[in-house]
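Each remark here refers to the structure printed beneath this line.
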Amino acid sequence: MKKFISFVLVSFFIFISILSFPATINVKADSVKGEEKRYILTGNVFIQKDDLIITTDYATISLVNDDWRDVETNKVHIKGDSFEATSDYLIFDLQTEKGTLRYNVESNISIEESFIQIFCDELVLDNSKKLYEGFSKEHVLITKDDYSIKSKRFKYEESATLLSLFDNVKIVNESKKIDMDSQVAYFNTKTNEIEAQSVNLILQVED
């Protein structure tokens, strides 16, 4: 009987979401508790909108301006058509597809046959525009092929394949014997071209 009640509540939520804005939201969970302005989902939580998928063991979905939009959860995995990420916390708007991941954020973003991997304290993403911004108290670590990149803050524009780096930037490529420090740098993730300001560059040459 308990499983049957959970199924009815989830189905009802999907119906409400479709009426609220023109998108199909598929929601599954082991159990659901409905309140006036939010639903509490526990156990094998699965939330899907088009190619966007959120999985976790606990989440809440809340009303925003009479629409069921805000997803809040801990220990989460979120995946789109060109990225995926994990973190200890997520707040995400299902209508705008904008969200923030915090604490132990790990993200992979696809680039043709390669990808960039990002480790940071906070990542703000806009899935519809494919924009990503983040920072760390110590440093953000970004890897791409044989490049290792560190900075305090970054912004990545997926359509332009442009990674903008700010504050205490360090770009290292051991195979190419490059060690660069700067305050601002721009890295093209498709061509690996680098532009930088206030640069200290070390190029190693064999004797």
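All of the numbers you see were taken from the coordinates with simple rules; none came from a lab. As the structure is a computational prediction, the values presented were derived from the model and not from experiment. Cβ atoms come from the backbone with ideal geometry, glycine included; neighbour counts cover every protein chain shown.
Can you classify the range 66-168 as rounded, prolate or oblate using the Cα gyration tensor, where a ≥ b ≥ c are the square roots of its eigenvalues, rounded means a/c under 1.5, and otherwise it's prolate if a/b beats b/c and oblate if not?
Working: a/c = 1.87, a/b = 1.45, b/c = 1.29.
Prolate is the answer for the range 66-168, as a/c is 1.5 or above and a/b outweighs b/c.
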Item to check | Calculated FRET value between Ser175 and Gln197, using beta carbons and R₀ = 25 Å, to 0.05 | outcome: 0.50
Next on the checklist: Let's test this: bin the Cα-Cα distances of the chain at 5 Å from zero up to the farthest pair and state each bin's percent.
Outcome noted: 1, 7, 15, 17, 15, 12, 9, 8, 6, 4, 3, 2, 1, 0, 0, 0
Checklist entry - For the chain, modelled as a Gaussian network with Cα springs under 10 Å, which listed residue fluctuates most, Leu163, Leu125, Leu63? => result Leu63
